[in-house]
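Enquirer: One structure, pasted below without further comment.
Throughout, read-outs are computed from the coordinates displayed, never taken from laboratory work. Please read these numbers as outputs of a predicted model, since none were measured by experiment. Every residue, glycine as well, gets a Cβ built from its backbone with ideal geometry; the counts of neighbours run over all protein chains shown.
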Amino acid sequence: MNKELLNRFDHACAYCGDADASPVDEHVVPMNRASVGLHAWGNIVPACRPCNNAKKDDPWYGHPMLDEPRREAISAYITEYRYEPDVDELKIVMAKLYELADQQTRALVEFGLVASRPYIAGMHTSPPAELIAPTLATGEEAIDTPS
């Protein structure tokens, strides 16, 4: 957790004010496909784990532990760092990135399957490599072993 950020929120949870809990990075606007929040100044506040877990993907201003002074502090922080991403544009970019990642993942899986077919097909008729190596050293014939 960044010291400057902790100082700004008095080393306490931005939502409930608990100063005893070990704070974690909480994204005011969640980092997910729907909200497309960024890991950037103006979008990260310190939060105790219970508050972080309670908020989930809900809007920050509706947090059940948030009182008016803390709501104003978070709002001022967001304003100061001008955290106003173009969400519509980010959603388009994110959708394209997820589509690209999906295509690449599928291609890698397919490549792995194609590359492993000869090995998988031969698994049931050939002994493992550790059984073949000793036979090569002794000159004896390898014996096909059932799996």
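Enquirer: Which three numbers, in whole Å and largest first, are the semi-axes of the equivalent ellipsoid of the range 3-80 derived from its Cα gyration tensor as √(5λ)?
Expert: 17, 14, 12
Enquirer: Also, quick follow-up: Which value in nm describes the separation of the simple spin-label points at Ile92 and Val114, placed 7 Å from the Cα toward the beta carbon?
Expert: 3.4 nm
Enquirer: As an exercise, use a Förster radius of 25 Å and the Cβ-Cβ distance of Asp57 and Ala107 to find the FRET efficiency, rounded to the nearest 0.05.
Expert: Step by step, r from the Cβ atoms, then E = 0.25.
Enquirer: Loop only per DSSP, at most 12 neighbouring Cβ atoms within 10 Å: give me the trypsin sites (Lys or Arg not before Pro) in the range 1-54, ordered by residue number.
Expert: Filter output for the range 1-54: Arg33.
Enquirer: From the residues Asn53, Pro64, Ala14, which one has its Cα farthest along the dipole of the range 3-80 in the positive direction, the dipole being from +1 and -1 charges on Cβ of Lys/Arg and Asp/Glu about the Cα centre?
Expert: Projecting each Cα onto the dipole axis, the largest value belongs to Asn53.
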